[in-house]
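Asks: Structure provided below as structure tokens; questions to follow.
The values are calculated or read from the model by the stated rules, or taken from the named source; none is laboratory data. No experiment lies behind these values; they were computed from the predicted model shown. Backbone-built Cβ (ideal geometry, glycine too); neighbour counts: all protein chains shown.
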Amino acid sequence: MKVYNCKGNSKKKINKKINVLYITSAELKKLKKYLIWMYLKKIITIFTRDYSINQKITSLKNKILRLEKKIYKLESDINSLEKGQAGERLVSDSLFEELDENYYLLNNFDFVWNGVRWEIDHLIISSSCLFLVETKNMKGRIFVEDDGKKWFKTPINKPDKLKTPMDNPQHQLKRTYRALKSLMESQSSLTEVPVKLAVVFPRNSCLLVGMSEEGLHLGTKTLDRIENITVPLLYHDELTDFIKSRKAHTGKMKIDEVFDYLIKLRHNHLSKH
């Protein structure tokens, strides 16, 4: 399998946030030391009735509170990015092991359309079609109800806990598909390239649960449809079979043409940003 990694996308995001976290933590530590000094000064000057010290203490406490909230948000973002990176690596490794040299794999592919930056976790080019894959490294039970319109999650070991609403990941993938399709349609030779979408979850930490057999795909059934494009939900070890099940009808020249176009699209994005 030919693999092309858009290096640095996820890693750069994580490193950037870690750097901001380091700077913010240092600033918080400095402010806390200053706050202690202001309290000592207040004690020393207790008989002078210097009310400006109270105002400074209040201002410091507000700044510290804002920084603590910022640090909490940064730590949550870093944790989410690292989890996402681990899930993407799991899928990428699985594809690399199970698909032969007749496939191209582009990881963390990003591009710009209509002034908006779009990112796809995995793009697989085969002799049958182009696959867009969104990876969700989530833990717990994922409930899909009302033909995919409602999504909920609970901890894996507490199925009776109150369900927490979550966004439908199919919507994000469909929007990205529209953007990429619009760009490809500007190339007359690529207008007829078939595209398949899939959202992938790790089997070892996530359980997909449907309210009825008709309501939830775990391999072949469809939860959502857009422009004749189905969006199945798969476990990571089902993805290879899903890709291989598509019958080939494009020649190698078409595969190379799609790959070359996507790489050029990627390079254009880098040169402008």
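Asks: Pick out the one residue from Asp237, Asp260, Asp241, Asp224 that is at pLDDT below 80, on the phi < 0 side of the Ramachandran plot and either acidic (Asp, Glu) or not assigned by TED's automatic domain parsing to the domain that holds Phe96 (or both).
Replies: Of Asp237, Asp260, Asp241, Asp224, the one residue that is at pLDDT below 80, on the phi < 0 side of the Ramachandran plot and either acidic (Asp, Glu) or not assigned by TED's automatic domain parsing to the domain that holds Phe96 (or both) is Asp224.
Asks: If I go through the stretch 133-156 residue by residue, how many of them are under 20 Å from the mean Cα position of the chain (by Cα) and outside any loop (DSSP other than H, G, I, E, B)?
Replies: 13
Asks: Please list, ordered by first then second residue, the pairs with beta carbon atoms under 7 Å, 6 or more apart or interchain, first in the stretch 158-178 and assigned by TED's automatic domain parsing to the domain that holds Ala198 and aromatic (Phe, Trp, Tyr), second surrounded by 14 or more Cβ atoms within 10 Å (Cβ to Cβ) and part of a strand (DSSP E or B).
Replies: Pairs found: Tyr177/Leu132; Tyr177/Val195; Tyr177/Leu197; Tyr177/Ile229.
Asks: State yes or no: is Ser128 farther than 17 Å from Lys13 by Cβ and in contact with a Lys or Arg (Cβ under 6 Å, 6 or more places away or on another chain)?
Replies: Numbers: farther than 17 Å from Lys13 by Cβ: yes; in contact with a Lys or Arg (Cβ under 6 Å, 6 or more places away or on another chain): yes.
Against the criterion (farther than 17 Å from Lys13 by Cβ and in contact with a Lys or Arg (Cβ under 6 Å, 6 or more places away or on another chain)), Ser128 qualifies.
Asks: Checking Gly115 against (1) surrounded by 16 or more Cβ atoms within 10 Å (Cβ to Cβ); (2) on the phi > 0 side of the Ramachandran plot: exactly one of these is not met. Which one?
Replies: Answer for Gly115: the failing condition is (1).
Asks: Next up: Out of all the residues in the stretch 119-132, is one or more touching a Phe, Trp or Tyr at 6+ places or on another chain (Cβ under 8 Å), outside any loop (DSSP other than H, G, I, E, B) and surrounded by fewer than 21 Cβ atoms within 10 Å (Cβ to Cβ)?
Replies: yes
Asks: Can you find a residue that is acidic (Asp, Glu) and under 21 Å from Ser94 (Cβ atoms) anywhere in the stretch 155-166?
Replies: No, the stretch 155-166 contains no residue that is acidic (Asp, Glu) and under 21 Å from Ser94 (Cβ atoms).
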